[in-house]
């Protein structure tokens, strides 16, 4: 595996130091009493930014319509952050099933606006990581990696719904299902689909909150390499935006069956319940320069990746993706090609054709 891919894997598996192992039956204190899983890396110190940014001030302007408040809440997700990811199983349906270890990880990343056409907003996450060597304390980095992407569409006519077994199908949305609502789409690091949810924003004096309806999603990266006892996560999620932080809260059931195994979302056996709490704290004076430079250099490549996927979505009602081609997952192919100057400098049509050929190899 190339150095680029190895660095990407390291960035994806980073995590905070773990707590001492004890045993206890309490639910919400188990993360401090039980040894967690994840990585074991330590990052450099960060400085919290306590000044409300312009994107937050724009949201606070008086006289805004609900629609415009929604838009500005989405745009307020932009910024530079120290992020923490925490996941905790709260109960199991089968009393013989043992609760999984809590999971924690961290990252430093920025969220950048890709597109805003009014009814459509696209935001890209880029990780820029620095690690401290445990033995000598020296700093390793920066390690830059394109992270996930989120797209927002106002009153979308359809959505892609995850079925299980790496398969997504397009689903039409009725008028009462989309009226006054946003479609929130989450994409993998390689811009392939992950999951979609329809929901509404609500706005209070010092925060705005987006709540999705019930949706299905694939196993996350932290699970799919170590778990085989469930097929999909079925649940709802929330985004809570404040002046200096925003939060991504997840409430999911780990279900044994795919959506195609049974008649509807509410059928199927549940293994466990999981809560996720991801926090994005605004930071300042952190060295993100390499991340911005890499994105500036590679952005046309990833723009063509999104173009290819857009054409695939238009031409198909269902897609299924292979796990690997030539011994590598799709993100590894893309990361290597996006770092290749010869490919980056190709003409748009030639680069598009190469990317389309790469992705088509993964389509079943």
For the range 118-152, the count of residues that are crowded, with 19+ Cβ neighbours inside 10 Å, under 26 Å from residue 183 (Cα atoms) and over 15 Å from the mean Cα position of the chain (by Cα) equals 1
Cβ pairs under 7 Å, 6+ apart or interchain, first in the range 338-364 and closer than 23 Å to residue 193 by Cβ, second in a loop (DSSP other than H, G, I, E, B) and at pLDDT 95 or above, ordered by first then second residue, are 362/322; 364/322
Note on residue 298: of the conditions (1) touching a helix residue (DSSP H, G or I) at 6+ places or on another chain (Cβ under 6 Å); (2) more than 21 Å from residue 129 (Cβ to Cβ); (3) not in a strand (DSSP E or B), unmet is (2)
Q) Out of all the residues in the range 27-35, is one or more part of a loop (DSSP other than H, G, I, E, B), over 29 Å from residue 331 (Cβ atoms), at pLDDT 95 or above and out of contact with any helix residue (DSSP H, G or I) (no Cβ under 6 Å at 6 or more places or on another chain)? A) no
Exercise. In this structure, does residue 80 turn out to be in a strand (DSSP E or B), in contact with a helix residue (DSSP H, G or I) (Cβ under 9 Å, 6 or more places away or on another chain) and within 30 Å of residue 143 (Cβ to Cβ)?
Worked result: no
Among strands (runs of 3 or more DSSP E) completely within the range 179-241, the ones holding 3 or more residues that are in contact (Cβ under 8 Å) with a residue 60 or more places away in the chain are 193-203, 232-241
- Output yes when any residue across the range 175-197 is at pLDDT 95 or above, at positive phi and in contact with a helix residue (DSSP H, G or I) (Cβ under 7 Å, 6 or more places away or on another chain), and no when none is. yes
Out of (1) at pLDDT below 95; (2) assigned to a helix (DSSP H, G or I); (3) surrounded by 11 or more Cβ atoms within 10 Å (Cβ to Cβ), the one residue 346 does not meet is (2)
For strands (runs of 3 or more DSSP E) lying entirely in the range 92-165, having 1 or more residues that are more than 23 Å from residue 235 (Cα to Cα) and without any contact (Cβ under 8 Å) to a residue 60 or more places away in the chain picks out 103-116, 120-132, 139-154
Selection over the range 329-364 where residues are in contact with a strand residue (DSSP E or B) (Cβ under 8 Å, 6 or more places away or on another chain) and under 13 Å from residue 300 (Cβ atoms) yields a count of 1
Is at least one residue of the range 321-337 under 19 Å from the mean Cα position of the chain (by Cα), closer than 25 Å to residue 141 by Cβ and part of a loop (DSSP other than H, G, I, E, B)?
-> yes
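The values are calculated or read from the model by the stated rules, or taken from the named source; none is laboratory data. Since we're looking at a predicted model, the values are computed, not measured. Cβ: placed from backbone, ideal geometry, glycine included. Neighbour counts: every protein chain shown.
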